[in-house]
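The values are calculated or read from the model by the stated rules, or taken from the named source; none is laboratory data. From a predicted model like this one, the values you see are computed outputs, not experimental measurements. Backbone-built Cβ (ideal geometry, glycine too); neighbour counts: all protein chains shown.
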Amino acid sequence: MPSTMVAADRAAGPAPEVRLKTNLLTLPEVRWAGASLILFLLGAGAGLLDAPAWVSWTLYAGCYLAGGWEPALAGLQALREKTLDVDLLMIVAALGAAAIGQVFDGGLLIVIFATSGALEAVATKRTEDSVRALLTLAPERATRLRPDGTEEVVEAASLEVGDLILVRPGERISADGMVIDGSSEVDQASITGEPMPVHKTHEDEVYAGTLNGAGALRIRVGRPAADWVIARIVSLVEEASATKARTQLFIEKVEQRYSVGVVVATLALFFGPLAFGADLTETLLRAMTFMIVASPCAVVLATMPPLLSAIANAGRHGVLVKSAVVMEKLGTTTRVAFDKTGTLTEGTPRLVELHTAPGITPDELLTIAASAERPSEHVVGRAVVAAAQERGLSLEQAEDFRAVPGRGVHARVGDQQVEVGSPALLGDLDEEGGPARAGRAAGDGASDTAGDAAGELDRWAATTLRTCEDAGHTAIVVRLDGKPAGVLALADQPRPAAASTVAALAELTGRPPVLLTGDNPRAAAHLAEAVGVTEVRAGLLPQDKVTEVERLQKAGDHVLVVGDGVNDAPALAAAHLGVAMGRAGSDLTLQTADAIVVRDELATVPAAIRLSQRARRVVTQNLVIAGTFIVILVAWDLFGDLPLPLGVAGHEGSTVLVGLNGLRLLRAKAWR
């Protein structure tokens, strides 16, 4: 893969963004949860305003129906399969609370469970939509070349290995394959994450869904549709998501045992004493008291308020954490893996160095180069023009402008012929349609340039080019009237907080972060040195990133992957946790990720991990408090005579206590 990208006029604009069409209000779980919450709040408000009892009871009944019918139905279906669902236990506990007048407690349980189900439905729906949306990056149709040279338009999915296809300027490539004729710049950021288009010519590999530049390509299809890189990204995301879902089996087992235990204990408390002639009312009251004090309200609130408060706090500081489970898991991170382009870097090249030949000032060189590049839409051309504008330089009108794929741009600026492009400009461009340089012949092998009158300048330019490329920069040659006038060095700059973030994460996790990138090794090594990363894996395709993440996790690490592109989505899904950069992140990456850095501020990543660690400590405190209250109240009810009002007061008191303890994480101090 070449280390230099040349200026070439882009016939097509930027890649179209994939947008999700999901309207969350169309999900029944969201509508029912919203209705349940509204009715619950209205019922609580009616009670505070001393409204007639039937008003509160009616509103609470609506809350129970709206939020409880679905888990009740699921619980009954589970019973038919001879399993006991914890959702059914919550419904029974809520009805039991209502039976003895504690409708508020029951309503709160209903609202919590309905909201949880809605959040799960939203996450599932959006993930499914984003995976399907990714497939729209690959064209549905392709131009296939018949053996006689004529063209036919066919479905891309019907292409077979060995077929020849034609990709015109500005079109998306419709299959994975190899270029057999033509030359062009291809924007393959959606696959490899590289910030600049890559020059593709004979025998170079190309990928479905990437965007062709100004040249026409003839491509021999190399893989069936099911094996295209973009299709494998989709399958990798789906497989990793399924693997994550299976990790919830342990929690389900705990819920099952808890549900069975509470139901058995309640039935025993009710029917056991009756068998020995106990009073029905007193026995029912004791059993209902047990159902109330053993219900997991305090346990649920012991966990959710700290995590939800932490989520709200993180959201105020620009980090969207998608669930309480994610917030809890953030604090267990032991290794962080970064993507390069758009994550540790800003994602767009900038002019970082300007080398001029004798007799030319930096401003003169930049003015001439930017004037020639101004008609171009290539990312390199835009970077050169932007640098000139930042310096306040006045650009001249370029005439006779044209771009040569793989070489650069040519234009007349004033009375000078200007060429801006790759190091190939130091050779003869006649074969590519460039202007002839009479009198130039192959000569000095050390500089790989023609000699004669311009030999010294050519040798200077070649040396400067090597210096720039060794530093990890993209080197661009500027020629005036056939002679080297200067070299422009462009680079994708690290984000301002990249180095401090890497250092903070190394201290926080005890392990240095690792860099996983599809970019070339020299550029990756240069960035790693600049930000303090010591372990680098470069030249990776999406499946290679997944392999590296799995390798780290098999070694015992809980890996958090931070990325922004479609190519990062499989690694984010396969990792213990995935974090996406919000501004530049693709739709699939944003939906696959467990958390999103909304404003692309890297410093928020270690801050979010610290907040999660604080939340985990508060959860532990709350579980101890809630467990202690439950054990004491249940023991009192079983072995003593616990009055119902005191049982309710103890149960609600523990609930309020753990809730207030969790809300401490809303304070700004918790983030710092």
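Within the range 49-72, the set of residues being assigned to a helix (DSSP H, G or I), surrounded by fewer than 17 Cβ atoms within 10 Å (Cβ to Cβ) and at pLDDT below 85 comprises ALA53 only. The residues of the range 383-406 that are touching a residue at least 24 places away in the same chain (Cβ under 8 Å) and either in a helix (DSSP H, G or I) or in contact with a Pro (Cβ under 8 Å, 6 or more places away or on another chain) (or both), listed by number, are ALA383, VAL384, ALA386, ALA387, ALA398, PHE401. Number of residues in the range 529-547 that are of a type outside the set (Asp, Glu) and under 18 Å from ASP568 (Cα atoms) equals 11. Would you say THR501 is at pLDDT below 90 and among the β-branched types (Val, Ile, Thr)? No, not satisfied.
When restricted to residues that are closer than 15 Å to VAL336 by Cβ, surrounded by fewer than 21 Cβ atoms within 10 Å (Cβ to Cβ) and either touching a strand residue (DSSP E or B) at 6+ places or on another chain (Cβ under 6 Å) or not aliphatic (A, V, I, L, M) (or both), the range 603-631 contains 2.
Only one of the listed residues (ALA523, ALA498, ALA504, ALA528) is within 24 Å of GLU328 (Cβ to Cβ) and crowded, with 17+ Cβ neighbours inside 10 Å. That residue is ALA504. For the range 19-34, the count of residues that are closer than 30 Å to HIS199 by Cβ, of a type outside the set (S, T, N, Q) and at pLDDT below 60 is zero.
Checking each residue in the range 24-48 for being of a type in the set (Val, Ile, Thr) and either surrounded by fewer than 17 Cβ atoms within 10 Å (Cβ to Cβ) or in a loop (DSSP other than H, G, I, E, B) (or both) picks out THR26, ILE38. Residues in the range 211-248 that are under 28 Å from LEU572 (Cα atoms), modelled with pLDDT of 85 or more and in a loop (DSSP other than H, G, I, E, B): GLY222, ARG223, PRO224.
Checked against the criterion of being in contact with a helix residue (DSSP H, G or I) (Cβ under 9 Å, 6 or more places away or on another chain) and surrounded by 19 or more Cβ atoms within 10 Å (Cβ to Cβ), the candidates ASP600, ASP641 yield just one match: ASP600. The residues listed here are THR449, THR474; of these, the one that is touching a Pro at 6+ places or on another chain (Cβ under 7 Å) and at pLDDT below 85 is THR474. With respect to the stated conditions, GLU507 is farther than 22 Å from ARG407 by Cβ and of a type in the set (Asp, Glu). Meeting the requirement of 3 or more residues that are under 22 Å from the mean Cα position of the chain (by Cα), within 20 Å of VAL384 (Cα to Cα) and not small (Gly, Ala, Ser), the strands (runs of 3 or more DSSP E) wholly within the range 478-537 are 483-494. Scanning the range 197-208 for residues that are modelled with pLDDT under 85 and buried (at least 22 other Cβ atoms within 10 Å of the Cβ) returns a single hit, PRO197. In the range 570-577, is there at least one residue being in contact with a Gly (Cβ under 9 Å, 6 or more places away or on another chain), without any contact (Cβ under 8 Å) to a residue 60 or more places away in the chain and not small (Gly, Ala, Ser)? The answer is yes, given that some residue of the range 570-577 is in contact with a Gly (Cβ under 9 Å, 6 or more places away or on another chain), without any contact (Cβ under 8 Å) to a residue 60 or more places away in the chain and not small (Gly, Ala, Ser). The condition of being farther than 30 Å from ALA216 by Cα and at pLDDT below 85 holds for ARG126. Name every residue in the range 345-373 that is touching a Ser or Thr at 6+ places or on another chain (Cβ under 8 Å) and of a type in the set (Val, Ile, Thr), in order of residue number. The one that is touching a Ser or Thr at 6+ places or on another chain (Cβ under 8 Å) and of a type in the set (Val, Ile, Thr): THR367.
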